[in-house]
Amino acid sequence: MRNTSISINLKHLISITILFGLIPHLWGQPNHNESNQKEKYVNRLAESSSPYLLQHKNNPVDWYPWGDEAFQKAAELDRPIFLSIGYSTCHWCHVMAHESFEDEQVAQLLNENFISIKVDREELPEIDHVYMSVCQAMTGRGGWPLTIIMTPDKEPFFAGTYFPKNGRFGRPGMTDLLPSIADAWKNKRAELVQSAERINEYLLNSNTKKLGNPLAEAILKETYSQFVNRYDKSHGGFGTQPKFPSPHNLVYLLRYHHMTEDKTALKMVEKTLQEMRLGGIFDHVGYGFHRYSTDKEWLVPHFEKMLYDQAMLVMAYIEAFQITGNSVYQKTAEEILTYVKRDMTDTDGGFYSAEDADSEGEEGLFYVWTTQELKSILGEEDTKFIQSTFNLTSDGNFKDEVSRQSTGKNIFHLKSPISNLKDLEKISKIREKLFTVREKRIHPLKDDKILTDWNGLMIASMAKAGVAFQDKVLIESAEKSAKFIFNNLMDKKGRLQKRYRNGKSGLDAHLDDYAFFIWGLLELYEATFKIEYLKNAIQLSETMVSEFWNESSGGFYLGSNQAEKLIVRAMTGYDGAIPSGNSIAAMNLLKLTRITGEVKWAEMADKTFKVFSNEIKRTPTGYTSMVTAFLFELDHPKEIVVVGSGSDSDTQAALDRIRSEYIPGKVLLFKDLDHQNSELSTLARWTDSQETIDDKTTFYVCQDFACKIPTTDIEQALRFIHE
């Protein structure tokens, strides 16, 4: 179960919370016995495309997917809704499933008193967001599995996260909780309805946005200062434990350093990136990063791997490499992408969502090693070398998270970087041996659904990596994924869809799908200068505005105006594990103004900053991506147009030079004279008059709404760019 960092205290409003003693914690361990229900029960979830819902298709619980049928049945039978939200690679979702949803006693209580609905949060993020905000308000915390009990009208009156089957340590279990709520529904309905009304009022108020005062430049330093105060000087990262990578925070600090030349900002990022790469949160055998570290040393991870973490971490390592020139950052980014291309990529180009933490019912089993296993594979000498290098012990450095006793198994991690070439070569050969053996183990579940938003992030990071490392193969992989989305996740009207799996596409797209995919397309344009990427980015931005824009105050709703109407239309700028859709949308809009010359995009970005400004001022590090977009506008962004022949080697060399340098506050356009019918002048009319000087590649650099004198000298152009 993951605890979020938002805490909205409404306990004084929600009497039912106190009534049922609702503050869940993590109790017990999963039951690793295989469920014997698989052939005995088949419920409605068997028709689903979601891997998470399919995990519950053989539960004795009479599950419904989210939809009209469930709510109509609840109204018909006059029963409350039991809503359970999770995702396929969530460890504590598995625990609750094994303990309760596979249990016939619990199932009977649910089936006789409730209508039970199961939701995949990755497919229906707006539903998850609305009800997670309820849980945070009622309990001061949140996470998955998320448990909500509500009326047939979708109005919640009870919230929590993980519950065991039987109560422990004075906390309610499902066998206590369900009968109590069923009794209250029958005999104390008025209290429940009153609680639901108060929650609805809170939701409406929290999602009703008003324009605040404009953000001031001081917010940049305030955000930075909060990171300084939370920084762990010993191990890198921020806070204590658990520690999440949160690479969007690192990207902000890198750009803050670039703008201000503050050395501490860069130092904090470098220490964090280095410590994460050394720690057990990084998979030293198969590459890629695990979800988060359970300790402050980055040693013991929560072992699931998420596509979005890989994408955003690649971003952070790329920018650190571009600033410092340190090849370790490039190598780490390339290793992450090796994992993604090998294990997380569909043959047609789409990227899968995640890999589970568990295999054979045990978290981390796929990734850990005993010294006896290593000896049988490597022999005595190489095992001693690996033990010493990766800090392995005969007792095991991986402890059981509940008993804190050693498991006899080891997580590979380093205390310091390895620079000796002979040792590096030896490690490489040993790693290949261990990887070959590990591949024969039973793998964790792979969530092979392809989500538009997370693919957008990976397209952006792969395109960016391809440019930074001058690797055309990475750019081609990003293009292949974009083509996959165009072919499989876009309808005939040009609207995006959310999810693809097993040949089927579906579900309404959300703000993140548009914002992240547009980001990917803008990065692809700069990586290839293919005009169709820019054209599609603009068209999708128009759709995003027409379906998600809040006309009354500004900013974007999470759900489309074409989608199902929930109890409230959610709107948020808060960053979770990944940047918020509003933050990335704001950044895209600012870039589109610079590209097209149309001020309407910048006006919408400005309104987005204002509508979240009060929240940003209260908790700037919770809105880091929004502050990053604001920083883009304050750091004197530049419009760069290169005019020349696409077939000319000098022109291409100049483009590569500009693209590969660290210039976060830029938009780069290429006017290819080999294609006079190019649509660039149509999309960016201000480039229409820009031509070559003396038939040489010519550079136009504009800043703060004024243009420098055109030049044919790349060095002079770079001086203009870096002023």
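For the range 340-359, a tally of residues being touching a Pro at 6+ places or on another chain (Cβ under 9 Å), over 17 Å from PHE412 (Cα atoms) and not in a strand (DSSP E or B) returns 2. Residues that are part of a helix (DSSP H, G or I) and in contact (Cβ under 8 Å) with a residue 60 or more places away in the chain are absent from the range 76-85 altogether. Among the residues of the range 365-424, which ones are of a type in the set (Ser, Thr, Tyr), assigned to a helix (DSSP H, G or I) and under 19 Å from THR436 (Cα atoms)? Those that are of a type in the set (Ser, Thr, Tyr), assigned to a helix (DSSP H, G or I) and under 19 Å from THR436 (Cα atoms): THR371, SER376, THR383. The number of residues in the range 52-86 that are under 19 Å from TYR131 (Cβ atoms) and either within 28 Å of the chain's Cα centre (by Cα) or buried (at least 22 other Cβ atoms within 10 Å of the Cβ) (or both) comes to 17.
Return yes when LEU299 is within 30 Å of LYS233 (Cβ to Cβ), touching a residue at least 60 places away in the same chain (Cβ under 8 Å) and in contact with a Gly (Cβ under 6 Å, 6 or more places away or on another chain) and no when it is not. The answer is yes for LEU299.
Before we move on, is TYR500 hydroxyl-bearing (Ser, Thr, Tyr) and in a helix (DSSP H, G or I)?
Numbers: hydroxyl-bearing (Ser, Thr, Tyr): yes; in a helix (DSSP H, G or I): no.
No, not satisfied.
Filtering SER681, SER625 for residues that are assigned to a helix (DSSP H, G or I), modelled with pLDDT under 95 and of a type in the set (Ser, Thr, Tyr) leaves a single hit, SER681.
Collect the residues in the range 509-532 that are crowded, with 19+ Cβ neighbours inside 10 Å and among the acidic types (Asp, Glu), keeping them in residue-number order. Of everything in the range 509-532, those that are crowded, with 19+ Cβ neighbours inside 10 Å and among the acidic types (Asp, Glu) turn out to be ASP512, ASP513, GLU523, GLU526. From the list THR151, THR89, the one residue that fits, being assigned by TED's automatic domain parsing to the domain that holds LEU54, of a type in the set (Ser, Thr, Tyr) and surrounded by fewer than 23 Cβ atoms within 10 Å (Cβ to Cβ), is THR151.
If you take the residues of the range 148-187 that are among the acidic types (Asp, Glu) and in a helix (DSSP H, G or I), which of them is farthest from the chain's Cα centre (by Cα)?
Of the range 148-187, the ones among the acidic types (Asp, Glu) are 153, 155, 176, 183.
Keeping just the survivors that are in a helix (DSSP H, G or I) gives 176, 183.
Working: ASP176: 36, ASP183: 40 Å.
Filtering the range 148-187 for residues that are among the acidic types (Asp, Glu) and in a helix (DSSP H, G or I), the one farthest from the chain's Cα centre (by Cα) comes out as ASP183.
Between ASP635, ASP672, ASP656, ASP648, the distinction of being under 21 Å from ALA706 (Cβ atoms) and either in contact with a Cys (Cβ under 7 Å, 6 or more places away or on another chain) or modelled with pLDDT under 95 (or both) belongs to ASP635 only. Of the numbered criteria (1) at pLDDT below 90; (2) in contact with a helix residue (DSSP H, G or I) (Cβ under 9 Å, 6 or more places away or on another chain); (3) farther than 29 Å from SER541 by Cβ; (4) of a type outside the set (S, T, N, Q), the one ILE714 fails is (1).
Look at SER388 and say whether it is without any contact (Cβ under 8 Å) to a residue 24 or more places away in the chain and either crowded, with 18+ Cβ neighbours inside 10 Å or of a type in the set (Ser, Thr, Tyr) (or both). Considered against the rule, which asks whether it is without any contact (Cβ under 8 Å) to a residue 24 or more places away in the chain and either crowded, with 18+ Cβ neighbours inside 10 Å or of a type in the set (Ser, Thr, Tyr) (or both), SER388 comes out as yes.
Exactly one residue out of GLN310, GLN322 is more than 21 Å from PHE435 (Cβ to Cβ) and either among the charged types (D, E, K, R) or touching a residue at least 24 places away in the same chain (Cβ under 8 Å) (or both), and it is GLN322.
Taking the conditions (1) touching a residue at least 40 places away in the same chain (Cβ under 8 Å); (2) more than 30 Å from ILE578 (Cα to Cα) in turn, VAL42 satisfies each one other than (1).
Every residue, every condition in (1) more than 38 Å from the chain's Cα centre (by Cα); (2) farther than 28 Å from PHE469 by Cβ, yes or no:
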residue: ALA654; (1), (2): no, no
residue: TYR662; (1), (2): no, no
residue: GLY665; (1), (2): no, no
residue: SER681; (1), (2): no, yes
residue: THR687; (1), (2): no, yes
residue: ASP694; (1), (2): yes, yes
residue: PHE699; (1), (2): no, no
residue: PHE705; (1), (2): no, yes
residue: ILE714; (1), (2): no, no
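Of all the residues in the range 468-496, those that are under 20 Å from THR347 (Cα atoms) and either surrounded by 18 or more Cβ atoms within 10 Å (Cβ to Cβ) or of a type outside the set (Asp, Glu) (or both) number 18. Scan (1) among the hydrophobic types (A, V, I, L, M, F, W, C); (2) part of a loop (DSSP other than H, G, I, E, B); (3) touching a strand residue (DSSP E or B) at 6+ places or on another chain (Cβ under 9 Å) for the single condition LEU211 breaks and write down its number. Answer for LEU211: the failing condition is (3).
Taken together, the residues in the range 555-575 that are under 16 Å from ALA509 (Cβ atoms), of a type in the set (Phe, Trp, Tyr) and part of a loop (DSSP other than H, G, I, E, B) amount to 1. Within the option set LYS464, LYS535, being assigned to a helix (DSSP H, G or I), surrounded by 24 or more Cβ atoms within 10 Å (Cβ to Cβ) and charged (D, E, K, R) holds for one residue only, LYS464. Looking at LYS267, LYS271, just one residue is without any contact (Cβ under 8 Å) to a residue 24 or more places away in the chain, part of a helix (DSSP H, G or I) and not hydroxyl-bearing (Ser, Thr, Tyr), and that residue is LYS267.
Inspect all residues belonging to the range 685-700 and state whether any of them is of a type in the set (Lys, Arg), on the phi < 0 side of the Ramachandran plot, touching a residue at least 60 places away in the same chain (Cβ under 8 Å) and surrounded by fewer than 20 Cβ atoms within 10 Å (Cβ to Cβ). Yes, the range 685-700 has at least one match.
Does SER225 meet the test of being assigned to a helix (DSSP H, G or I) and not assigned by TED's automatic domain parsing to the domain that holds ASP103? Don't jump to the end; show me each part of the working.
On the way: assigned to a helix (DSSP H, G or I): yes; not assigned by TED's automatic domain parsing to the domain that holds ASP103: yes.
Against the criterion (assigned to a helix (DSSP H, G or I) and not assigned by TED's automatic domain parsing to the domain that holds ASP103), SER225 qualifies.
Of the residues making up the range 435-461, those that are without any contact (Cβ under 8 Å) to a residue 12 or more places away in the chain, of a type in the set (D, E, K, R) and in a helix (DSSP H, G or I) number 0. Please find, within the range 242-272, the residue that is farthest from VAL328 (Cα to Cα) out of those that are surrounded by fewer than 21 Cβ atoms within 10 Å (Cβ to Cβ) and of a type in the set (Val, Ile, Thr). Taking the candidates together, the pick is THR260. Is it the case that the range 91-101 has a residue that's modelled with pLDDT under 95, over 22 Å from LYS186 (Cα atoms) and part of a loop (DSSP other than H, G, I, E, B)? No: the range 91-101 contains no residue that is modelled with pLDDT under 95, over 22 Å from LYS186 (Cα atoms) and part of a loop (DSSP other than H, G, I, E, B). Within the range 174-191, not a single residue is closer than 30 Å to LEU558 by Cα, buried (at least 23 other Cβ atoms within 10 Å of the Cβ) and either of a type in the set (Ser, Thr, Tyr) or out of contact with any Gly (no Cβ under 9 Å at 6 or more places or on another chain) (or both).
The values are calculated or read from the model by the stated rules, or taken from the named source; none is laboratory data. If you're wondering where the values come from, they're calculated on a predicted model, not measured in any experiment. Reconstructed Cβ throughout: ideal geometry from the backbone, glycine too, with neighbour counts over all protein chains shown.
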